[in-house]
1. Give all pairs with beta carbons closer than 8 Å in which a residue from segment 36-51 that is under 18 Å from Lys18 (Cβ atoms) meets a residue that is among the basic types (Lys, Arg) and surrounded by 10 or more Cβ atoms within 10 Å (Cβ to Cβ); count only pairs at least 6 apart in sequence or on separate chains.
2. Any idea which residue in segment 4-56 is farthest from the ligand (Cβ to nearest atom), counting only those that are surrounded by fewer than 14 Cβ atoms within 10 Å (Cβ to Cβ) and of a type in the set (Ser, Thr, Tyr)?
Amino acid sequence: MPTCRSCKDEVDELVAVKADGRRIKVCEDCAERIAEEAEIAEMSESVVQDMMGFKGRR
Ligand SMILES: [Zn+2]
């Protein structure tokens, strides 16, 4: 049985996801969670960039 790289659970099927620029194989539950976290990280990064750009223009 394959083992999820994230929660260490043994699952029937693993899904490949991109995390920190690397591809890892995790279960479907973790794949969903990682995809969500990656989205949030991307969003907060652009918010920081907006703030910095705002400061730079003042
Ligand atoms: Zn998992």
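1. These pairs meet every condition: Ala38/Lys18.
2. Selected residue: Ser46.
Matching residues to (1) modelled with pLDDT under 90; (2) part of a loop (DSSP other than H, G, I, E, B); (3) of a type in the set (S, T, N, Q):
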position: Glu13; (1), (2), (3): no, yes, no
position: Ala16; (1), (2), (3): no, no, no
position: Ile24; (1), (2), (3): no, no, no
position: Glu32; (1), (2), (3): no, no, no
position: Met43; (1), (2), (3): no, no, no
position: Gln49; (1), (2), (3): yes, no, yes
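The values are calculated or read from the model by the stated rules, or taken from the named source; none is laboratory data. None of these values were measured; they are calculated from a predicted model. For neighbour counting, all protein chains shown are included, and Cβ atoms are generated from backbone atoms with ideal geometry for every residue, glycine included.
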